Amino acid sequence: MKSFTINEIATIVDGKLVGNINEKITGLGELKTAENNQVTFIGSVKYKRLWSQSKASAAIVNESLNMEPDDKRALIIVKNADLAMAKLLELFSPEAPVFDMDIHPAAVVHESAVIGAGVKIGAGSYVGKDVVIGEGSILYPNVTIFDETTIGSNTVIWSGTIIRERSEIGSYCIFHINVSIGADGFGYRPSDDGRGLVKIPHIGNVVIGNGVEIGANSCVDRAKFNSTIIGDGCKIDNLVQIGHNSILGRSCIMAGSSGLAGSVTLGDGVIIGGSASIKDHTTIHSGATVGAGSGVLADVPAGQTVLGYPACEAREKLKQWVALRKLGKQ
Amino acid sequence: MKSFTINEIATIVDGKLVGNINEKITGLGELKTAENNQVTFIGSVKYKRLWSQSKASAAIVNESLNMEPDDKRALIIVKNADLAMAKLLELFSPEAPVFDMDIHPAAVVHESAVIGAGVKIGAGSYVGKDVVIGEGSILYPNVTIFDETTIGSNTVIWSGTIIRERSEIGSYCIFHINVSIGADGFGYRPSDDGRGLVKIPHIGNVVIGNGVEIGANSCVDRAKFNSTIIGDGCKIDNLVQIGHNSILGRSCIMAGSSGLAGSVTLGDGVIIGGSASIKDHTTIHSGATVGAGSGVLADVPAGQTVLGYPACEAREKLKQWVALRKLGKQ
Amino acid sequence: MKSFTINEIATIVDGKLVGNINEKITGLGELKTAENNQVTFIGSVKYKRLWSQSKASAAIVNESLNMEPDDKRALIIVKNADLAMAKLLELFSPEAPVFDMDIHPAAVVHESAVIGAGVKIGAGSYVGKDVVIGEGSILYPNVTIFDETTIGSNTVIWSGTIIRERSEIGSYCIFHINVSIGADGFGYRPSDDGRGLVKIPHIGNVVIGNGVEIGANSCVDRAKFNSTIIGDGCKIDNLVQIGHNSILGRSCIMAGSSGLAGSVTLGDGVIIGGSASIKDHTTIHSGATVGAGSGVLADVPAGQTVLGYPACEAREKLKQWVALRKLGKQ
């Protein structure tokens, strides 16, 4: 078990220390359920009054709260308790699952694949023809990487994830469990006899930048031609659908169960709320935010926040909701 | 093929038998498509008139329908035809897929794992370091269990399911195919240079009670610290997202494609309809129901039914919908 | 790299050729990003003016645009540029991932399975007892097929897909990555003591016709009894939920993240937009269209287009949206 003095904790979070500093800190806890030898967090007035009953040995508190120390426990005064928490989570982060050997004998790696130094490949994983994996990248057990895909360095791919052929994946990415990259886009044409649908081949690929994280059971489809592109630093949550030929700029965020139909463009720093969906061939410009649950049917200007289904500028939608509520009561 | 007399069927469902009872029953059928030697079900007036054309040899009927027997077929009169159907489904339930051996030689089980009596592990499954699996539990082929996870007894885990490290799983659970348990929660902080996002480590885990069922391709994320908790007897459908630090009480139901953002609390017996989504840090109190398709943005009191996006009390929302329909016609 | 003369391209798409036809064509490109030796597409007036700056060596153009050739590049005049593009995508479609051997030694195939001529089975795949796979079908690595399932000929099953026992799959189908077929439907009854839920066994199966395509991470649940049925030629996108006992006619389309609750019936040629969800026991009759994001709570007549949540006839819903927008501005 990792253990630190309260002094060490205060130094790591760059905080001012007051009160009793003699206890050891061995973990993090929530205010109500923290135990002795844990550090907890007080970020807002609402939680301030709960401190007297907490069993935690120390609390990281926002300086704006002006809290007074008691003589039994420690307060560590910081500018931003959330940021301090993130740093302590890094400190207490346990070891990742072990690899007893770098490439497990029950993995199947094509002889033509180029595997970088320090790469680890778990049991049951499959690596196809001419795949290139950069140094320090990790494939946990039961990952499948198809032919001619390239993966940068220090990328982590969790179990159940499948990456289809000719994908280009950056460095320092994380693919969570059961992710699907590079399946065919969804496109058909009427058959010549007009009685059915004929599949349109999707001969493009998926290109993913550096530092991208993709959540469990999310999907990114390959392009019809050219590429479906996810820019550096994008963070994608679970069960997200990214349709073929969509293009995401840098550092976009898509929350759980949201989706982009085909050929959607996101600028830089766009935020898509949970369960929101975006119509095909739509552009959400840089810095725009789409509220949770929204259905976006038209382009969104840079920096604008839209909300609702059909989505419009957020304050306007809130007024509509108020008006509808009144109307229902008449 | 299993075969029972109509008398045996009547005894099993605790029903009163009238009409011709000489046929054998070898299966269940719907009223319209049932064949000879099948038993069918009549639960409402709407289906009563279809009985004369049905080929079924017997029908389980609600006593409230006052149906008259004919001399060719049997009626089994019960209080609740749905409940009788559930019992007969148990009776006719076929054998589960076979295991020719308990632990398949193509499974990879870490030498430190503790495997209970009668546990079965299919080909291609991976069981990590210090995993504990209770007696009678089943891992079908291509399951992945990471280090230090504990699984109770008589739990069934279907193929493609991944359970990440340090999860705690109860007894008599069912995890359907391609389920994702314990992926990192979705949380980031601005980078120190303000130009990107830094991952917040999620060092907590997932704790799942007894008798929990989780549907295909659903996801439960691990907590930031502490645990994401699913209480005893919860039933989760397919493609459901349960965000980090959410806490579900006992016997909650979440229908297909619904989702909880992070830190949502459900009381006991909460019902979440299909495709509904719940905002982060929201509490849905015990016995409340969220209608299908709803988007819940605020706490829901115990026992209340809410509906719509944004969700409000259901009758109020129905009035709003009526008012809007009128307004559109003006 | 595949290479064709512009003459050959024109013949394949049945187009009229004007301008400079001396370049070789080695691929397809979008108007803005196409390179020399690529062919591009101009289907609408909006894109016509971009042709002068394009680096493409040839453009397939709709005859309705009346475009004039220059002397450096070629125009291929066609009736339908989209259809021509589909044909060229087939032409330039690269080889599928390689199999160095038909049945990989790291696949586990039950001795009782019946495997047709030319079937390929990748590493880590599992094929259960009494499974039948028709000739020419392909199982990529890490596919799992349970006991007594039958698969027709020339069906392609991508990695991570799981097909549960007793499913019946047609010919010329495509199952993309991480698809889940045949998990138990979602059904429970109150326990006898009234304090919990008891699982209703789902002893039916899934029946899928010919030429069906199912997208990544989508789910089709098995029926309570009888079958969940997907008709010939249906095309299902990613992250789609199809509940137990649903029945889809021929050539239905379901876009990404849409869902059918249990016992939904779709006629022939029904189109379900992205993220739309359909209530249980509802019928959407042939030729009907459900708009993206809709929540359908009642039957939809043949040929009708419905929209919104709650969904109603599309023009009526658009009027409601206009009225609500006005109301919000008062």
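All of the numbers you see were taken from the coordinates with simple rules; none came from a lab. Every value quoted in this text rests on a predicted model; they were computed, and no experiment measured them. Methodologically, a virtual Cβ is constructed for each residue, glycine included, from the backbone with ideal geometry; neighbour enumeration extends over all protein chains shown.
Candidates A:Ser180, A:Thr305, A:Val45 compared by Cα position along the dipole of chain A: farthest toward the positive end lies A:Val45, with charges placed on Cβ.
What FRET efficiency would be calculated for the residue pair B:Lys2, B:Ser44, taking the C-beta separation as r and a Förster radius of 25 Å, to the nearest 0.05? In this case the efficiency is close to 0.35. Report summary: the helix-based calculation at 222 nm, which adds -39500 (n - 2.57) for every DSSP H run with n ≥ 4 and divides by the residues of chain C, gives -3500 deg cm²/dmol. A Gaussian network model of chain B, with springs between Cα atoms under 10 Å, assigns the largest mean-square fluctuation among B:Asp70, B:Asp232, B:Asp100 to B:Asp70. The Rg/Rh ratio for chain B is 1.08, where Rg is the radius of gyration of the alpha carbons and Rh is the Kirkwood radius. Here the calculated FRET efficiency for A:Lys32 and B:Arg315, from their Cβ-Cβ distance with R0 = 35 Å, stands at 0.50, rounded to the nearest 0.05. For a straight C-alpha distance cut-off of 18 angstrom, the aspartates and glutamates reachable from C:Lys326 (same-chain residues fewer than eight places away being disregarded) are A:Glu313, A:Glu316, C:Glu316. With both bridge residues required to lie in region B:161-316, what share of the DSSP beta bridges run antiparallel, to the nearest 5%? Among the beta bridges of region B:161-316, antiparallel pairing accounts for roughly 10 percent.
Averaged over the residues of B:113-126, the number of partner chain Cβ atoms lying within 10 Å of the residue Cβ comes to 3. Between copies, A:Asn36 shows label-point distances of 7.9, 7.9 nm, shortest first, with the point placed 7 angstrom from Cα along Cα to C-beta.
Under 5 Å between amide hydrogens, built in the peptide plane, is the criterion, and for A:Ile272 it picks out A:Ile253, A:Met254, A:Ala255, A:Val290 among residues at least 5 positions away or on other chains.
Using only side-chain charges placed at the Cβ, +1 for Lys and Arg and -1 for Asp and Glu, the dipole size of region B:161-316 relative to its Cα centre rounds to 200 debye.
Charge dipole (Cα centre; +1 on Lys/Arg Cβ, -1 on Asp/Glu Cβ; no other charges) of the protein assembly as shown amounts to roughly 4080 debye. With everything on Cα atoms, drop me the angle between helix C:314-329 and the longest principal axis of chain C, reported from 0 to 90° to the nearest 10. Approximately 80 degrees, to the nearest ten. Using a Gaussian network model of chain C in which every pair of alpha carbons under 10 angstrom is joined by a spring, one finds that among C:Ser52, C:Ser294, C:Ser263 the greatest mean-square fluctuation is at C:Ser52. If we hang a label 7 Å off Cα along the beta carbon direction at A:Gly118, how far is it from the matching labels on the other copies, in nm, shortest first? Label point to label point, same position, other copies: 4.8, 4.8 nm. Of all beta bridges that DSSP places with both ends in chain B, some 15 percent have antiparallel geometry.
The mean number of partner chain beta-carbon atoms within 10 angstrom of a residue's beta-carbon across peptide C:240-248 is 3. Sites listed here are GluC sites (Glu not before Pro) in region A:93-193 whose DSSP assignment is loop and whose Cβ has at most 15 other Cβ atoms within 10 Å: A:Glu95, A:Glu111, A:Glu135.
3J(HN,Hα) couplings calculated from phi for region C:188-204 with the Karplus curve 6.51 cos²θ - 1.76 cosθ + 1.60 (θ = phi - 60°) are, in sequence order, 9, 10, x, 5, 4, 8, x, 9, x, 10, 10, 5, 8, x, 10, 9, x Hz; Gly and Pro show x.
Take the Cα of C:His281, step 7 Å along the line toward its Cβ, and report every residue of region B:67-105 whose backbone nitrogen sits under 19 Å from that point. Residues B:78-87 fall inside that zone. For the pair A:Glu111 and A:Asp14 in one chain, pulling the backbone fully straight at 0.36 nm per residue adds 29.9 nm over the alpha carbon distance.
Taking a sphere under 15 Å around the Cβ of B:Tyr188 and counting the other residues whose Cβ falls inside, with K and R at +1 and D and E at -1, yields a net charge of -3.
In the protein assembly as shown, the DSSP beta bridges split such that about 15 percent are antiparallel, to the nearest 5. Restriction of the trypsin sites (Lys or Arg not before Pro) in region A:63-164 to DSSP coil positions whose beta-carbon has at most 13 other beta-carbons within 10 angstrom yields A:Lys72, A:Lys79. Taking 19 Å as the straight-line reach from the Cα of C:Lys46, the lysines in range (excluding those fewer than 8 positions away in the same chain) are C:Lys32, C:Lys55, C:Lys79. Binning every alpha carbon pair distance of the protein assembly as shown at 20 Å from zero, what are the percents per bin? The calculated distribution, bin by bin, is 13, 44, 34, 9, 0. Peptide C:225-231 has a mean shielding of 3, counted as Cβ atoms of other protein chains within 10 Å of each residue's Cβ. Copy-to-copy label distances for A:Ser52, where each label lies 7 Å from Cα along Cα-to-Cβ, are 7.8, 7.8 nm in order of increasing length.
Net charge dipole, region B:6-91: roughly 240 debye, given to the nearest 20, about the Cα centre with Cβ charges of +1 for Lys and Arg and -1 for Asp and Glu. Comparing B:Tyr172, B:Tyr47, B:Tyr309 in a Gaussian network model of chain B (Cα springs below 10 Å), the most mobile by mean-square fluctuation is B:Tyr47.
Eigenvalues of the alpha-carbon gyration tensor of region B:161-316, scaled by 5 and square-rooted, set the equivalent ellipsoid semi-axes at 24, 21, 13 angstrom, largest first. Using a simple spin-label model with pseudo-atoms 7 Å out from Cα toward Cβ, A:Glu68 and C:Ala298 lie 6.5 nm apart.
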